[in-house]
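Enquirer: Shown below is the structure under consideration.
The values are calculated or read from the model by the stated rules, or taken from the named source; none is laboratory data. Nothing here was measured: the structure is a model prediction, and the numbers come from that model. In this analysis, Cβ positions are derived from the backbone assuming ideal geometry, glycine residues included, and neighbour counts consider all displayed protein chains.
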Amino acid sequence: MKAGNELFGTYRPAGSPFESLGVGWKYVLLLALTVPAIAVGRWWFSLVSIAVALGILLWARVGVRRAVGLSIGMVVVCALIVAVQALAGHAMAGVIVVENLVLALYATRLLTLTTPIPELVDGIAIACRPLRVFRVDPDRIALAVAVMLRSLPHLLGAFDEVRDAATARGIRRNPVAYVAPVVVRAVAYAHATGDALAARGLGEDDRAMPVADTTMAP
């Protein structure tokens, strides 16, 4: 799962002051870094925001490689975005999109590299409690985020494994050798995740239980 680990990274205690910061403040910092950059839409502003995010990551003692490193897949995606925008005559727009994408990744690492996943999920659930007024279950939102954090690295890791297997068979340049097995693994992982959630009753409609209890009451 090399590619998956390179995307968000995994939490390792380092004893830095930033690590002891409350998870709520870390989410606030993530928004403070990313939202203004997207709203301003200037290359220099996004670049400064990236520098700030990297500075905080290094201050958090996560290590230079873990803080700055980008996977080959991420680099390819960024290059394609710039190339497509350049062909459309909007090269600078492509640069800004890539900068904001990298900024979002680094800002996310401020959370994932310094905070255990359970704390991140609990923080989302707490922040979403006011949404109960609109009949939104905060625990389901937190669960969705937890599934996403697990799924993306898994799928990237699957691509890494398929690429290595295709290279060993001498068919590295065949796109089908990448796409088909990764799609199969993605579908299998989705089914397995769905079955695991259903086994815990997390995919069922919670409102069905009171109806059943009412009909059975004497």
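Enquirer: What do you reckon, is Ala107 assigned by TED's automatic domain parsing to the domain that holds Tyr11, at pLDDT 90 or above and either buried (at least 18 other Cβ atoms within 10 Å of the Cβ) or not in a helix (DSSP H, G or I) (or both)?
Expert: yes
Enquirer: Another question about this same structure. Exactly one of these conditions fails for Arg66: (1) more than 16 Å from the chain's Cα centre (by Cα); (2) in contact (Cβ under 8 Å) with a residue 40 or more places away in the chain. Give me its number.
Expert: Among (1) more than 16 Å from the chain's Cα centre (by Cα); (2) in contact (Cβ under 8 Å) with a residue 40 or more places away in the chain, Arg66 violates only (1).
Enquirer: Just for the stretch 48-58: of the residues that are of a type in the set (A, V, I, L, M) and under 21 Å from the mean Cα position of the chain (by Cα), which one is surrounded by the fewest Cβ atoms within 10 Å (Cβ to Cβ)?
Expert: Ala51
Enquirer: Follow-up question, since we're still on this one. Please indicate, with yes or no, whether at least one residue in the stretch 128-144 is in a helix (DSSP H, G or I), among the acidic types (Asp, Glu) and at pLDDT below 70.
Expert: no
Enquirer: Here's something else I'd like to know. For the stretch 5-60: of the residues being of a type in the set (Phe, Trp, Tyr) and touching a Lys or Arg at 6+ places or on another chain (Cβ under 9 Å), which is nearest to Val102 (Cα to Cα)?
Expert: Phe8
Enquirer: Given (1) within 25 Å of Ala142 (Cα to Cα); (2) crowded, with 18+ Cβ neighbours inside 10 Å, identify the lone condition not met by Gln85.
Expert: (1)
Enquirer: Out of the residues in the stretch 59-78 that are among the hydrophobic types (A, V, I, L, M, F, W, C) and in contact with a helix residue (DSSP H, G or I) (Cβ under 6 Å, 6 or more places away or on another chain), state the one that is surrounded by the most Cβ atoms within 10 Å (Cβ to Cβ).
Expert: Out of the qualifying residues, it is Ala67.
Enquirer: Please state which one of Ile96, Ile81 is at pLDDT 95 or above and assigned to a helix (DSSP H, G or I).
Expert: Ile96 is the lone residue from the list that is at pLDDT 95 or above and assigned to a helix (DSSP H, G or I).
Enquirer: A follow-up question, please. Do any residues in the stretch 84-111 that are touching a residue at least 24 places away in the same chain (Cβ under 8 Å) have Cβ atoms under 7 Å from those of residues that are outside any helix (DSSP H, G or I) and surrounded by 18 or more Cβ atoms within 10 Å (Cβ to Cβ), where the two are at least six apart or on different chains, and which pairs are they?
Expert: Short answer, once both residue conditions are applied: Thr108/Phe8; Arg109/Phe8; Arg109/Gly9.
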